[in-house]
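Engineer: Just passing along the structure, written as structure tokens.
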């Protein structure tokens, strides 16, 4: 996972909408879950969601 060195300027609501839209376009091609895929491909948005859970 990439390190996020600066505080992202993304609102929790924006991150949630981004996650939901990503989930709609995600197709299972392996045993990898959407959350694992999302954490790898969108670390900044994932970090925002993680901080606001």
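Engineer: Among 12-19, 43-50, what's the highest-first ranking by average C-beta atoms within 10 angstrom per residue? Walk me through the numbers on the way to the answer.
Structural biologist: Numbers: 12-19: 14.8, 43-50: 18.0.
Those peptides, ordered most packed to least, come out 43-50, 12-19.
Engineer: Then there is this: Quick one: if the Förster radius is 30 Å, what FRET efficiency do residue 13 and residue 34 give, using the C-beta to C-beta distance and rounding to 0.05? Each step should come with its number before you reach the end.
Structural biologist: On the way: r = 19 Å, r/R0 = 0.64.
After rounding to 0.05, the efficiency reads 0.95.
Engineer: Same structure again: Taking 7 Å along the Cα-to-C-beta vector as the label spot, tell me the residue 27-residue 42 distance in nanometres, rounded to one decimal.
Structural biologist: Going by the 7 Å Cα→Cβ label model, 1.9 nm.
Engineer: Under 1.5 on a/c is rounded, so check that first for region 12-51, then, if it is not, pick prolate when a/b is larger than b/c and oblate when it is not; a ≥ b ≥ c are the square roots of the alpha carbon gyration tensor eigenvalues. Present the calculation step by step, with values, prior to reporting the outcome.
Structural biologist: Numbers: a/c = 2.90, a/b = 1.58, b/c = 1.83.
Verdict is oblate for region 12-51.
Read the figures in this text as sums done on the coordinates, not as results from a lab. Because the structure is a prediction, the values reported are computed rather than measured. When we count neighbours, we look across all protein chains shown, and the Cβ atoms used for this are built from the backbone with ideal geometry, even at glycine.
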